[in-house]
Structures are given as structure tokens and as C-alpha cells.
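Chemist: Pasting in a structure now, in C-alpha cells, and then I'll have a few things to ask.
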Amino acid sequence: MSSETLTPQMSSSAAMVRTLGIVATVCGVIIVGAYESTYSAVAANKKLALERAVFKVLPGSKSITEFVAGPNGVTEGTDVPAGSVKFYAAYDAEGRLNGVAAEAAARGYADVVRILYGYSPDCQCIVGIGVVSMRETPGIGDKIITDKDFLANFQALDVRLNAEMSGLANAVKTVKHGTKTQPWQIDAISGATVTSKAVGRGINDSAQALLPKLVPNLDKIRSKAS
Amino acid sequence: MAPETLGQIFVNALLANNFVLAMFLGLCPFLGVSGRLSTAFPMGVATSFVMLVASLCAYGLNLLLTQFHLEFLRLISYIVVIASAVQLVEMVLKKFSPGLFRALGIYLPLITTNCAVLGVALFQTAREYSFLQSLAFSFGGGAGFTLALVLMASVRERLELSDVPGVAQGTALSLMLAGLLSLAFMGFAGLGG
Amino acid sequence: MNPQQPERLSMDTFLEGIWRQNPVFVMMLGMCPTLAVTVSAVNALSMGVATAFVLVASALLVSLLRHAVPKEVRIATYIVIIATFVTVVDYAIQAISLALYDALGAFIQLIVVNCIILGRAEAHSSKHPPLVAVTNALGMGAGFTIGLFALGSVREIFGTGTLFGFPLFGPDFQPWVVMVLPPGGFFVLAAWLLLFAWFRRRKERLAALAAGGQQHGA
């Protein structure tokens, strides 16, 4: 201990580099260890959450396959190149297509509102939505989860394609509470317009991007690939 | 999601989602340095500069890390880069503006532990902003931080001459002030479209 | 010059972080997660436990390495160590509950810039043996968790009428929504500080009265 007070000199660069190197190595090992040991649990959690969300908007589904819809058709997979849209095909117990689920996101009051919506090819409409994540005002914006009238908007939301199959025949639009007249409109929650509009915008953007690529290729995914 | 325009991102970070008053980032300096307007403003500017540098470096680092599938090193590399950026700013200030360097004192190295700086990097990564969007975000965030700091300092300077009940003096008063400012800023909601 | 006397392990080592140097109410450090995450009691507790884990783990490692780290690079070393354990906590929470991870959001990773941890590493862990450092860190972590819980429970009770998700009042309860919004965080913390300040002054006044009474004789 006395040598420390006798020679107060700067530590050599070698000592500093050596220490940092050892610390970095030890920490690197710890991080990689944590990552590897939690990897399977995290993946399982994510899969479970996705299944729960999709089964909720498309009741009767028993399994999910991830697809990517691009300009050249639909392919099974998880990598989403630019210009393509990811979606989930939900199959019932016999392997028949129950519906398609996709994510929609738009900026709400506080942060991005992410929802999952279920699309039924038979009626060419959206049959249900589920909120994936949001930070809207509790008691006001978060009513999009609980308000029965608002959710009823999405039991048969018309998202038919136009004749050229290049976009929606009528864009999905959120209108003021009580003024809904058309099946492609969403009646906003009174007092929660910003959040309601975000839901409408997100669904419109997603449907406009996904459906023109998906609908012409529906037959390819009608039954579950074994 | 329809990409947010640069203007929307900037205005959002500045007002509706102000880093300090809405997202609770950068509170330690907000409560610690906002006593005097003369120190609050330079502190805001210095922090904004570090935020900008952090944002640029984080963007580049993220590209590199995702290329090599090393995402789990993200946090550690961000914070190391931020610490280095702050060291750099310190050295530059010491050389070119020693008066300011002395005035900011201990608070300059403390920018490293400012949640707002790391927050910029983390949020822009989570929202997958492009390069220009990240720039707009860090500009808006820095401007918002400085704005909050300056507002707070102005009011606190006036309060020094007021008759405040003994129980409420000090940090409790600053917190109540901050709450009122935060409440006021909630009025900006929806401004960014 | 005499080196600082190494602290002997005592109950005080642990209790110091809970009351006298409580990170939330006294030292006012680590404010960002304190206000952002305490919208419910569960979130508050989880954040407190996560931070306590990082505190203790980094205190242990810093203390073990205290003689090996050259003075010039000590801050960089502490930061790397802290960031490592925060990354570990980040993945651990993802593995335990995705819902919790979503609720705590970016503030898990922001634990790395929580002034408490770096401050403790610099001021305490680097100067004391592992057992003392860990005990002190445990006390700080406990104090931080208690502070967070005090905030989170009040905000949850008034803002949503529930505690830990269990409704406390009848269905006609009108939630005081501002409590779970950013301004509410500021107000509730200010209220707690006001309460403590009031207690402190009352205690001082009573002590002064008692001392004055004794002076003049019974």
C-alpha cells in the first residue's frame, strides 16, 4: 500500500488496454450467455402472443403460417423485402383457410397504435381487430379496446378491391361519431377522435398495400401447405 | 405505416411528445440545472449537440450490427459511443470556450448519463427511422429539451422572489412546476398530424 | 495521508439506502424511470427489482475488480459492466413476460444511464470489499423499489381505481386520469416530498419545543 503513495504515476497504456480488454471479454461472454439461454423462451413467448392475437381476430383458427406478399406473388417466409407486406394465413382444424391477419400501425395521440386485423376473403371484408400495442390515454383512447360500438365497426368493414385490383374500391375512413353511412367507414369514438382516426388510417394504409397483392393469389394459400 | 414526414417528426419531438415533459427523459439535468437561465440555455445546447452526434452514430452502428446479426451488442455499443462523444465535446469546449466549460462544470460529463441522449438512440432504432428521419428526431428532441429547460429556468428565476411556503421549497416546488408545464404541453397533442 | 477506513459491515450499510439516502426521495437520482414507469404498482415493482438486480450485480463485479482497474479508465469500465447487466435483464424480462416488457418499454434499457448505479459504483463499490458493496447496493435497490412502489401504487389507485389489477372501488368510480399521465407523475412525487418535508419540520418543531421546555425547567 505504501508504494501507491510513493509513486503516483499515470498507469501505463498497456495496463489500461489490458484491463479494458479483459472487462470487455468478460462482459461479452456474459451478454452472449444471457442471449443464448433466453433465446428459445423469448421466441416461444412471441409465437404464443402472435397466435393468441390472430386466433382472437379470426375465431376458429387452429394454426398460422407466415407469408410475404410481394409484387411477384405470395411466398411463405419471414423476411420482408422492400415493397412487400407480411401477413398471417390462419387455417382451421381441417387445413382450410379461415382468414388472413395483418398488422396495421399509425400514429395516435401518444405513440404508435399497432393493431392486428382479420380479413375474410369470402366477404372481402375485415371481420375483427385486436390491439397489439398502444400508449393512448387510459379511459379515453384505450376505449378502442373495450367500446362495443367501436368494435362493431369491424365486424364487416368493407375492403373490396376496385375493378383494376390496384387498390381499395373505397378507402377506409374514420368519420365523426354518429355519421357513419357506408360499410367502409368507421364511426369514431366520441371524445377519442385522434385514436379512432389512427386505427382507421392504419387499416387503410395496410389494406391498400396488402390486398392488391394478396387477393389475386388467394388460391395459392387456400389450403395449408403440409 | 405511412412514413412520418420530417416536419411531423420534428414538431412531435419538440412539442407533443416533448422529451422532458411527456417522455420523462433528461429529468436529472432538468431539475438540477434549470435554476438559472444563463446556465440552462448553454446546457440545453450542449445536450442537443450530443444528442445529434449520438443519433448519427447510433444510426451507423445499428446498420453495422444488424449486418452482422449482433443486435445484442446494441446497448453496450451505444452507451460507449455516447460516453466518447461527451468526452469529445468536453475537450472541444475546453479548447474553444473555456468560460462556458467552467460554467457548466460537473454537468458536462453528466450528459453521458442523460436519459435523453441514450433515449434518442434507442427510440430512433425502435421506430426504424431512416437517416433523415433520425436527424429530424434528434433535432426536435434537442430543441424540445432546451425549450423545456429554458421555460423551467425562467419560471424558477421569477419564483425566487415569491413567497413560497416552507414545506414546498426546493425540489417539491420544481416538480409541481414541471407537472404544470407538462399539463400545458399536453395541449399540443395531435399537432404533428 | 490516511486511506479512508474501510466500512465495516453493519445493519446501517443496508438501511442507509432505504431511508437516509433513499434514491427516490432524498438523493433524487434516477428520476426518469421513476416517473415514467410508475403508472401501476406491478410496473413499479418490476422496474425496481430490475434496477436492484443491475445495482447488485454491477456492485459485485466492480468491487471484485476494484484493485485491477486503472484510475483513468474506471468510468468507461463501470459503464461497460452496467450495460452488460442491463442487457441481461432486458433479455430476462423478455423471456419471463412479453406483456411486462412492452409495459416497461425503453426504460429497461435506460437503466444503464440511471445515475444511481454509476454513482454507487464510483462512490462506494469501487472502494469497499464485495460483501459491503453488495449489501449497500441491496439497500439502495430496496429503497429505490420502495420509492417506486409508493409512487406507482398511489398513481394506480387514483388513476384507475385498481391496485395490482384488483379493483378497489365500485364501478361508479371516476378515475382521476391525470394521475396515470405524465403530469400526474410530477404531482404525486411532489406530494410525497411535501409530506416528508412536513413530517420533518413537525419533528424538528416538536424537538425544539421539548428542548425549550427542559431549559426553562419542569
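Chemist: Choose one of A:185, A:90, A:26: the residue whose Cα lies farthest towards the positive end of the charge dipole of chain A (beta-carbon charges +1 Lys, Arg; -1 Asp, Glu; about the Cα centre).
Modeler: So the residue furthest toward the plus end is A:185.
Chemist: Please give the charge dipole size of region A:58-221, origin at the Cα centre, charges +1 on K and R Cβ atoms and -1 on D and E Cβ atoms. Round to the nearest 20 debye. Mind showing how you got there, number by number?
Modeler: Details: 16 positive and 17 negative charges, 84 e Å.
That gives region A:58-221 a dipole magnitude of about 400 debye.
Chemist: Follow-up question, since we're still on this one. To the nearest µm²/s, what D does Stokes-Einstein give for chain C at 4 °C and 1.567 mPa s, using the Kirkwood radius over alpha carbon pairs as Rh? Can you show the working numbers first?
Modeler: Numbers: Rh = 19.0 Å.
The diffusion coefficient I find is 68 µm²/s.
Chemist: Where in chain C is the longest stretch that carries no trypsin sites (Lys or Arg not before Pro) classed as loop by DSSP and with at most 13 other Cβ atoms within 10 Å?
Modeler: On the way: sites that count: C:8, C:20.
Value returned for the longest uninterrupted segment is C:21-218.
Chemist: Using a Förster distance of 41 Å, how high is the FRET efficiency between residue C:127 and residue B:164, based on the Cβ-Cβ distance and rounded to 0.05? Intermediate results must be reported in sequence, preceding the final value.
Modeler: Values: r = 39 Å, r/R0 = 0.94.
That gives a FRET efficiency of 0.60.
Chemist: Only helices at least 24 Å long along their axis, Cα-based, and averaging 0.5 or more on Kyte-Doolittle count here, so list those DSSP H runs from chain B. List each step's numbers first, then the result.
Modeler: On the way: long enough: B:37-67 (45 Å, 1.39); B:74-96 (33 Å, 1.39); B:131-159 (42 Å, 1.06).
Helices passing the filter in chain B: B:37-67, B:74-96, B:131-159.
Chemist: Non-local amide H neighbours of residue A:99 (under 5 Å, H modeled in plane, Pro and chain starts lacking H): which ones?
Modeler: A:90
Chemist: Something else about it: Each residue of region C:167-180 in turn: what ³J(HN,Hα) in whole Hz from Karplus with 6.51, -1.76, 1.60 and θ = phi - 60°, glycine and Pro shown as x?
Modeler: Working through the residues one at a time gives x, 9, 10, x, x, 8, 5, 8, x, 8, 4, 4, 4, 9 Hz.
Chemist: I want to verify a result. In a Gaussian network model of chain B, Cα cutoff 10 Å, which of these has the top mean-square fluctuation: B:170, B:144, B:179?
Modeler: Top of the fluctuation ranking is B:170.
Chemist: From Cα coordinates alone, what are the radius of gyration and Dmax values for region C:1-99 in angstrom?
Modeler: Computed over the Cα atoms of region C:1-99, radius of gyration and Dmax are 16.2, 54 Å.
Chemist: Further question on the same structure: Cut-off 10 angstrom, C-alpha nodes, Gaussian network model of chain B. Which of B:130, B:48, B:34 fluctuates the most?
Modeler: Per the Cα network of chain B with a 10 Å cutoff, B:130 tops the list.
Chemist: If you don't mind, another one. Could you work out, for region C:90-218, what percent of all Cα-Cα pairs fall into each 10 Å distance bin, beginning at 0 Å and stopping at the bin that holds the largest distance?
Modeler: Taking all Cα pairs of region C:90-218, the binned fractions are 10, 23, 30, 22, 11, 4, 1 percent.
Chemist: Roughly how big is chain C's charge dipole about its Cα centre, with Cβ charges of +1 (Lys, Arg) and -1 (Asp, Glu), in debye to the nearest 20?
Modeler: Details: 13 positive and 10 negative charges, 141 e Å.
Approximately 680 debye in magnitude.
Chemist: Using only the Cα atoms of region C:50-112, construct the convex hull and provide its projected area averaged over every direction, in square nanometres to one decimal.
Modeler: Averaged projected hull area, Cα only: 4.1 nm².
Chemist: Considering Cα pairs under 8 angstrom that are at least six residues apart, work out the relative contact order of chain C and quote it in whole percent. Spell out each step's value before the answer.
Modeler: Values: 270 pairs, mean separation 72.0, N = 218.
Relative contact order, chain C: 33 percent.
Chemist: Report, to the nearest 10°, how far helix A:13-57 tilts away from the longest principal axis of the Cα atoms in chain A, using its own Cα long axis and a range of 0 to 90°.
Modeler: With rounding to tens, the tilt is 20 degrees.
Chemist: Given the alpha-carbon gyration tensor of region A:126-165, what are the semi-axes of its equivalent ellipsoid in whole angstrom, ordered largest first, with each equal to the square root of 5 times an eigenvalue?
Modeler: Numbers: eigenvalues 141, 28, 12 Å².
Taking √(5λ) for each eigenvalue gives 27, 12, 8 Å, largest first.
Chemist: Of the residues A:152, A:89, A:24, which exhibits the maximal mean-square fluctuation in a Gaussian network model of chain A defined by a 10 Å Cα contact cut-off?
Modeler: For chain A, modelled as a Gaussian network with Cα springs under 10 Å, the answer is A:24.
Chemist: While we're looking at this one, here's another question. Could you list, in their original order, any pairs among A:56/A:148; A:47/A:220; A:176/A:197; A:148/A:180 whose Cα atoms are separated by more than 18 Å?
Modeler: Numbers: A:56/A:148 15 Å; A:47/A:220 24 Å; A:176/A:197 9 Å; A:148/A:180 15 Å.
The pairs that break the limit, which is 18 Å between Cα atoms, are A:47/A:220.
Chemist: Which percent of Cα-Cα pairs in the protein assembly as shown sits in each 10 Å bin, short to long?
Modeler: With 10 Å bins starting at 0, P(r) equals 3, 14, 23, 25, 18, 10, 5, 2, 0, 0, 0.
Chemist: Over all residues in B:79-85, what is the mean tally of Cβ atoms on other chains that come within 10 Å of each residue's Cβ? Walk me through the numbers on the way to the answer.
Modeler: On the way: counts 9, 5, 0, 3, 4, 1, 0.
Counting other chains' Cβ atoms within 10 Å and averaging over B:79-85 gives 3.
Chemist: Among A:49, A:204, A:78, whose Cα sits farthest toward the positive end of the charge dipole of chain A (+1 at Cβ of Lys/Arg, -1 at Cβ of Asp/Glu, about the Cα centre)?
Modeler: A:204
Chemist: In Å, the Kirkwood hydrodynamic radius of chain B over pairs of distinct alpha carbons?
Modeler: Details: mean 1/r = 0.0575 Å⁻¹.
Here the Kirkwood hydrodynamic radius works out to 17.4 Å.
Chemist: Follow-up. Can you tell me, using C-alpha contacts under 8 Å and at least 6 residues apart, the relative contact order of region A:149-226 as a whole percent? Don't jump to the answer; show the numbers that get you there.
Modeler: On the way: 92 pairs, mean separation 21.2, N = 78.
Over region A:149-226, the number comes to 27 percent.
Chemist: For region C:159-218 and region B:127-193, write down the distance between their C-alpha centroids in whole Å.
Modeler: Between the Cα centres of region C:159-218 and region B:127-193 lies a distance of 25 Å.
Chemist: For region A:58-221, just the Cα atoms, rotate onto the principal axes and tell me the three extents in Å, largest first.
Modeler: Largest to smallest, the principal-axis extents are 43, 32, 31 Å.
Here, each number is a calculation from the coordinates, and none is a lab measurement. Everything numeric here is computed off the predicted structure, so don't read it as measured data. Reconstructed Cβ throughout: ideal geometry from the backbone, glycine too, with neighbour counts over all protein chains shown.
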